[in-house]
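Reviewing the structure listed below.
The values are calculated or read from the model by the stated rules, or taken from the named source; none is laboratory data. All of these numbers come straight from a predicted model, not from anything done at the bench. Heads up, the Cβs are rebuilt from the backbone with ideal geometry, glycines too, and the neighbour counts pull from every protein chain shown.
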Amino acid sequence: MISGYTGTQIRAAEEPLLAAGMGAVLMQRASHGLANAVIRELKGRGHRIYGTSVAVLVGKGNNGGDGLFAAAFLAARGMSTTAVLTAEAAHPEGLAAFERAGGRAHLLTDSTLRRLTADVARADVVIDAVLGTGAKGGLRGTAAALVSRLAGSGTSGESLVVACDVPSGVDADTGQVHEPVLAADLTVTFGAAKAGLLADPGADYAGRVHVVPIGIEENLPLPALHRFEAGDLSRLLPQPGRRSHKYSRGVLGVVAGSADYPGAAVLACRGALAAGVGMVRYLGPPEVASLVRQSCPEVVCSIGSVADTHVQAWLVGSGMGPGDSEQLQRAREAVESGLPVIADAGALPALPAVLAPHVVLTPHAGELASLLKRLGSGRDPELDRAAVEADTLRAVRLAAGLTGATVLLKGATTLVESPSRHSYSQAEGTPWLATAGSGDVLAGVIGALLAQLGSDVGHFRESGIGPDDRWAAIAALAASLHGLAGRAATAGGPLTASRIADTLPEAWDKVSRLTTGMEQGRNSHAHPLR
Ligand SMILES: NC(=O)C1=CN([C@@H]2O[C@H](COP(=O)(O)OP(=O)(O)OC[C@H]3O[C@@H](n4cnc5c(N)ncnc54)[C@H](OP(=O)(O)O)[C@@H]3O)[C@@H](O)[C@H]2O)[C@@H](O)CC1
Ligand SMILES: Nc1ncnc2c1ncn2[C@@H]1O[C@H](COP(=O)(O)OP(=O)(O)O)[C@@H](O)[C@H]1O
Ligand SMILES: [K+]
């Protein structure tokens, strides 16, 4: 499991060590870790170290100090180093160490902007050490001009761009982005992953994320965000017992599809079957049921009522519209049943405003914006799709808080939030997953896991996940599996939603073979998050 913390939490964890006079030690650990990560990355790309050029963009605070000490270390390894000071002030000890090591520092001003931008653009490695966890807003003045010009010239495509702690302009707490931001290939972050690197849009700019332990780990509070890794899936995914039968393994009721979108019902059923449910029972219009039967002979189609259908969980809403009154009525009855429910697409606007944690809502950004509008989040009437995309963590938290439901926000990074503020971020997928029907398959996978794991409170408690938070954990497991299946299903080319379901059992099999030994130890070395 990867834990994400806000910048504020990290700073609080540093506090006792700073009070004990260990600030310089922390900075040495951080900057050493940064320099080592640069060297490892260059070696991994087959580049030599000696003679390779590195330009470090330096801010006035400790983030700049980290960059200067790291550059000093790289200069000592024979790299040709240039520091661009974006403020009159710079970390004094860091600057002295950098100059002692033979590095050259230049002050960025209106008159040096053009020349220094060209110098940075030519560097093999660019380290962005302007703003870290102490930033207020984004880059300003000449620093903003330099980064805009670099981004405009496509420099980040040629140089290796490494962000120190966070890409400058990305909010470490929320992942909000203050343009311009230099998109990094690698972010080397200190003490623990910052939540803002694990949520969109910040994650767009972070590249791969490496955590460098600096000795504050013992002081960290409960994380702001969690991310399951393969080892967690292996531990938490259900396994049938020797005496299992189809009913004990979980039955999922599916209320999905319509005359307009019959395929959504098929894809949801296929997702559920691929994710190991004991049985799927389908309720819906006869023409859709007939298609489901033809496509998935495993599914039991019935014309009974929701109340008469014996299941452990419900999936409602995929492929349904506002005119599908009979199906929407079934969706409401499923929610009233008190069983766990995954409510997707067409069901979202049709359910009561106040729900419960065992109801998992699965909007994409547009649907979440509509949901928030419908809930009359009077505090924030401007919240539209773009606003959700610009501040995904806040939006998903707002929705979980207002509805009392578990909310899963789909996207390149999938966020899941329980109403008691237990949060997950999963990003195993590939952009090829952005294809029609992909969300229907995800709904099926969530439904299947709700049916199999929903009643097993102890299973989650063993992993420190409370009863009300297990729904978010189940949704996050499903998002992770869906992403892994998507990744496995594409060899770098297009993907259909059906293929995601077809590949899912393989992805499941692969993670089931892993042990939890993959998890990061408290003092382990830097590790890639994705
Ligand atoms: N604490 C420790 O010992 C350790 C900390 N570590 C490292 O320190 C980083 C945090 O350092 P930090 O607190 O000095 O803040 P930082 O992120 O460098 O920048 C803020 C500085 O810039 C200024 N400023 C603010 N906003 C601005 C803007 N928009 N545009 C321009 N300027 C702006 C602001 O000054 P002000 O404007 O408030 O006068 C302030 O001086 C952290 O990310 C990690 O890398 C590690 O080495 C481990 C040990
Ligand atoms: N750029 C992306 N990268 C990775 N996964 C993505 C991306 N865009 C969408 N996805 C995933 O694909 C699925 C799309 O779901 P959705 O928008 O509901 O599609 P549909 O309604 O067509 O089925 C979600 O699981 C989402 O997280
Ligand atoms: K930075």
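Of all the numbered requirements in (1) more than 25 Å from Ala507 (Cβ to Cβ); (2) within 16 Å of ligand 2 (Cβ to nearest atom); (3) assigned to a loop (DSSP other than H, G, I, E, B), Thr435 misses one, and that requirement is (1). Is it true that some residue in the stretch 25-39 is more than 30 Å from Glu218 (Cβ to Cβ) and away from ligand 2 (no atom under 16 Å from the Cβ)? No, the conditions are met nowhere in the stretch 25-39. Tell me, please, whether a residue that is touching a Lys or Arg at 6+ places or on another chain (Cβ under 7 Å) and of a type in the set (Val, Ile, Thr) can be found in the stretch 467-485. No, the stretch 467-485 contains no residue that is touching a Lys or Arg at 6+ places or on another chain (Cβ under 7 Å) and of a type in the set (Val, Ile, Thr). The set of residues from the stretch 272-307 being touching a residue at least 60 places away in the same chain (Cβ under 8 Å) and either part of a helix (DSSP H, G or I) or on the phi > 0 side of the Ramachandran plot (or both) comprises Ala272, Leu273, Ala274, Gly276. Residues in the stretch 348-365 that are touching a residue at least 40 places away in the same chain (Cβ under 8 Å) and not polar (S, T, N, Q): Ala353, Val354, Leu355, Ala356, Pro357, His358, Val359, Val360, Leu361, Pro363, His364, Ala365. Residues in the stretch 237-253 that are crowded, with 22+ Cβ neighbours inside 10 Å and either assigned to a helix (DSSP H, G or I) or out of contact with any Gly (no Cβ under 7 Å at 6 or more places or on another chain) (or both): 1 in all.
Listed conditions (1) surrounded by 19 or more Cβ atoms within 10 Å (Cβ to Cβ); (2) more than 20 Å from Ala183 (Cβ to Cβ); (3) of a type in the set (S, T, N, Q) are all met by Asn63, apart from (2).
If you go through the stretch 172-186 and keep only what is within 14 Å of ligand 1 (Cβ to nearest atom), of a type in the set (A, V, I, L, M) and touching a Ser or Thr at 6+ places or on another chain (Cβ under 6 Å), you end up with just Ala172. Would you check if Val166 is in the same structural domain as Thr82 (by TED's automatic domain parsing) and closer than 19 Å to Thr82 by Cα? When the stated conditions are applied, Val166 does not pass them.
To keep it simple, each residue is scored yes or no on (1) of a type in the set (Val, Ile, Thr); (2) outside the structural domain of Leu477 (by TED's automatic domain parsing); (3) in a helix (DSSP H, G or I).
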{"residue": "Pro357", "(1), (2), (3)": "no, no, no"}
{"residue": "Val360", "(1), (2), (3)": "yes, no, no"}
{"residue": "Leu368", "(1), (2), (3)": "no, no, yes"}
{"residue": "Gly376", "(1), (2), (3)": "no, no, no"}
{"residue": "Leu383", "(1), (2), (3)": "no, no, no"}
{"residue": "Glu389", "(1), (2), (3)": "no, no, yes"}
{"residue": "Val396", "(1), (2), (3)": "yes, no, yes"}
{"residue": "Ala399", "(1), (2), (3)": "no, no, yes"}
{"residue": "Leu402", "(1), (2), (3)": "no, no, yes"}
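Counting only strands (runs of 3 or more DSSP E) that sit wholly inside the stretch 87-171, those with at least 1 residues that are without any contact (Cβ under 8 Å) to a residue 24 or more places away in the chain and more than 11 Å from ligand 1 (Cβ to nearest atom) are 104-107.
For the stretch 366-383, the count of residues that are touching a Ser or Thr at 6+ places or on another chain (Cβ under 6 Å) and touching a residue at least 24 places away in the same chain (Cβ under 8 Å) is zero.
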